[in-house]
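What follows is a set of notes on a single structure, which appears directly below.
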Amino acid sequence: QVQLAESGGGLVQPGGSLRLSCAASGSLFPISRMGWYRQSPGRERELVADIGSRGHPNYADSVKGRFTISGDVAKNTAYLQMNNLKPEDTAVYYCNAYLRYRDYWGQGTQVTVSS
């Protein structure tokens, strides 16, 4: 059973930065992609950014130029550097791993952007 451990959320003022970390464990097979999703009250969970085992990051339009995904999928780690945060970035952020046609999720970490 794949388990994902997230860290790095918190409260930050508009314009500030946060870095989220995710580490996967328990996988018997290579992970194909890792990424970050977010969900705020009343809204569906949405993709923020993801990255494959060969690199090639993918970003939601709303975070392009502000967020950067990095890490080593082959080593089961992913990071999300979030700069110039805005109040609309407030959400629970979930780490995601995709392997063997199945999604795995972390427990989520709260990011709140407020003055």
>> Considering only residues that are touching a residue at least 24 places away in the same chain (Cβ under 8 Å) and among the small types (Gly, Ala, Ser), which ones fall in region 58-72?
In response: SER62, GLY71
>> Let me spell it out: the conditions are (1) open to solvent by 20 Å² or more (accessible area, probe 1.4 Å); (2) closer than 20 Å to GLY9 by Cβ; (3) in contact with a helix residue (DSSP H, G or I) (Cβ under 9 Å, 6 or more places away or on another chain), and MET34 meets all of them except one. Which number is the exception?
In response: (1)
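Would you mind stating whether GLY26 is in contact with a Lys or Arg (Cβ under 9 Å, 6 or more places away or on another chain) and either more than 25 Å from SER115 (Cα to Cα) or modelled with pLDDT under 95 (or both)?
Judged against the criteria, GLY26 is not a match.
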>> Conditions first: (1) in contact (Cβ under 8 Å) with a residue 40 or more places away in the chain; (2) part of a loop (DSSP other than H, G, I, E, B). LEU28 passes all but one, so which condition is the exception?
In response: (1)
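Might you check whether a residue that is assigned to a strand (DSSP E or B) and surrounded by fewer than 15 Cβ atoms within 10 Å (Cβ to Cβ) occurs anywhere in region 83-100?
Residues of region 83-100 that are assigned to a strand (DSSP E or B), as a first pass: 91-99.
Filter once more, so that each one left must be surrounded by fewer than 15 Cβ atoms within 10 Å (Cβ to Cβ): none.
The answer is no; no qualifying residue exists.
Just give me the residues in region 63-77 being of a type outside the set (D, E, K, R), modelled with pLDDT of 95 or more and either in a strand (DSSP E or B) or surrounded by fewer than 14 Cβ atoms within 10 Å (Cβ to Cβ) (or both), in sequence order. Give the derivation first.
At the first step, the residues of region 63-77 found to be of a type outside the set (D, E, K, R) are 63, 65, 67-71, 73-74, 76-77.
Still in the list and also modelled with pLDDT of 95 or more: 63, 65, 67-69.
The answer is GLY65, PHE67, THR68, ILE69.
The values are calculated or read from the model by the stated rules, or taken from the named source; none is laboratory data. What you see is a predicted model; the values in this text were computed from it and never measured. Here Cβ is always computed from backbone atoms with ideal geometry, including for glycine, and neighbour counts include all displayed protein chains. Accessible surface areas use protein heavy atoms only, side chains included; no ligands, DNA or RNA. Shrake-Rupley method; radii C 1.70, N 1.55, O 1.52, S 1.80 Å.
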